[in-house]
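Heads up, the thing below is written out as structure tokens.
Just so it is clear, none of the values below were taken in a lab; they were calculated from the coordinates. Just so it is clear, the model here is predicted, and its values are computed rather than measured. A quick note on method: Cβ atoms are made from the backbone with ideal geometry, for glycine too, and the neighbour counts reach across all protein chains shown.
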Amino acid sequence: MNRREALKTLGAAVGAASVPGRASAQSGEISVGSLLDGTGPINIYGLPMIDSTKFAIDDINAQGGVLGRKLRLIQLDAQSDNQIYAQYATKLLVEDKVAVLMGGITSASREAVRPVVGKYKQVYFYNEQYEGGVCDKLVFCTGVTPAQQLGTLIPWAVKEYGKKVYTLAADYNYGHISADWVKVFLRKAGGTLVNQEFIPLDVVNFDSVIKRVEGAKPDVVMSLLVGGNHIAFYRQFAATGLKGKIPIVSATFGLGNEQVVLTPEEVEGLVVIYPYFQELENAVNREWVRRWHQRFGANYAYITDSACTVWNGWHLWAMAVKKAGSLERDAVTKALESGLTFKSPEGEITLNPESHHVVHTVHLAKVNKQRGFSIIKTFPNVAPTDTMEVCDLIKNPNQAKQYTPKF
């Protein structure tokens, strides 16, 4: 569907708003909405997240649904287009009257959705790693934030590789705010920022960027690159012979299965940090991976951290509805703010009531020869302090903003 067709769909949605709950009326089902990128350059993240969404809905339904009713998933493809995100968010909330909206991948897509959520007043889950700071009564962010990723990765990288860091970041709000967090944590670790560059999402030729990196002679490159086009950087970096000379660490690599697309010769040894890796050894994850492969095939490329974060979001919401005994927004929000814990494939997680963010155990891992990851260090129960320190939605529930780092 192109943008013009999406606009027509939106017009039909607004026109249908006089028929409340029309989509939910079928068989007493509860309509829930998901908005992710099945097509476009961001679909490298979106496809596993869509699979996880369907898997989570089926899992909840297999356990009886919520409030004795099954969930009816309305899954829309935002096509890596932020304007379509806003349009489809309106459709899901106005026409379909979904009981919850989950979705968004890039931070730009989340910020396209948030004003719509604020207008139509419904609970919204953003299930992806991001730059932190969103403080909004209607929004729950289940992915890791910079305090959990960069706050642990940067001190390790400075100690392991050296103090001089060169940052390459995607040129939109995620990249810019995350690059600021790199400065914050680098300063605390006693490191030095050699340079930072912001790369538009459509760039595929990194020759000039790589020459500047080589000339700066950093001890390590921090990659905050995003999307299918940016995969080219790693291939071109290795082709110049720099892979063995300048190590790369990243808070984004692997979320799009870059380690599967690229060869071990191109990226083996690259270090990342996430709460979830398919290789985690715990009983919940072993069973989840088994069921995932049973459902999607034994040759499924790799189950990403983003897929696990989506799974977490749906189950936290279902737990809250059951605890509230209601689908009513304020009752569900109160239940979500009660300190819920969930036994996830990544391990036990806790939803922090005040900030609406999640406490995660995070793992440093290196890309291995099997196109997966080898875990090298674990940091238990890391709090999203970047957001918790500035956001208390229990005391100040009328906030709907995003805090950014201060220098």
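To the nearest ten degrees, helix 3-15 and the longest principal axis of the Cα atoms of the chain are 30 degrees apart.
For residue 72, the amide hydrogen comes within under 5 Å of the amide hydrogens of 30, 31, 32, counting only partners 5 or more places away or on other chains and with H modelled in the peptide plane.
The angle separating the long axis of helix 283-296 from the principal Cα axis of greatest extent in the chain is about 80 degrees. Remark on region 160-250: Rg and Dmax equal 12.4, 34 Å (Cα only).
Treating only the Cβ atoms of Lys and Arg (+1) and Asp and Glu (-1) as charged, compute the dipole magnitude of region 79-204 about its Cα centre; round to the nearest 20 debye.
Numbers: 13 positive and 12 negative charges, 105 e Å.
So the dipole magnitude of region 79-204 works out to roughly 500 debye.
The Cα trace of the chain gives Rg and Dmax of 20.7, 65 Å, the first to one decimal, the second as a whole number.
Could you rank the peptides 234-247, 95-108 by their average count of other C-beta atoms within 10 Å per residue, with the highest value first? Present the calculation step by step, with values, prior to reporting the outcome.
Working: 234-247: 15.8, 95-108: 24.7.
Highest to lowest by the protection proxy: 95-108, 234-247.
A Förster radius of 22 Å combined with the Cβ-Cβ distance from residue 329 to residue 59 puts the calculated FRET efficiency at roughly 0.40.
Full extension of the segment from residue 239 to residue 212, taken as 0.36 nm per residue of separation minus the current Cα-Cα distance, would add 8.2 nm. Using +1 at the C-beta of Lys and Arg and -1 at the C-beta of Asp and Glu, which of 208, 375, 181 has the Cα lying farthest in the positive direction of the dipole of the chain? The one lying farthest along the dipole's positive direction is 181. Only helices enter the 222 nm calculation for the chain: every DSSP H run of n ≥ 4 contributes -39,500 (n - 2.57), and dividing by all residues gives -12000 deg cm²/dmol, rounded to 500.
For residue 134, the amide hydrogen comes within under 5 Å of the amide hydrogens of 403, counting only partners 5 or more places away or on other chains and with H modelled in the peptide plane. Counting only Cβ charges, +1 for Lys and Arg and -1 for Asp and Glu, the dipole size of the chain around its Cα centre is about 320 debye. The slack in the chain from residue 187 to residue 403, taken as 0.36 nm per residue of separation less the alpha-carbon distance, amounts to 75.8 nm. I'd like the orientation of helix 207-216 relative to the chain: the angle between its Cα long axis and the longest Cα principal axis, in ° from 0 to 90, rounded to 10. Helix 207-216 and the main axis of the chain meet at about 60 degrees.
Only bridges whose two residues both fall in the chain count here: according to DSSP, what percent of them are antiparallel, nearest 5? Walk me through the intermediate numbers first.
On the way: 21 of 54 bridges.
Antiparallel bridges make up about 40 percent of those DSSP assigns within the chain.
In straight-distance terms, cross-link reach from residue 119 covers every one of the lysines whose alpha-carbon lies under 23 Å from its own, apart from those fewer than eight places away in the same chain; here that gives 8, 91, 97, 137, 334, 395, 401. What is the chain's relative contact order, in percent, from Cα pairs under 8 angstrom and six or more apart in sequence? Answer for the chain is 18 percent.
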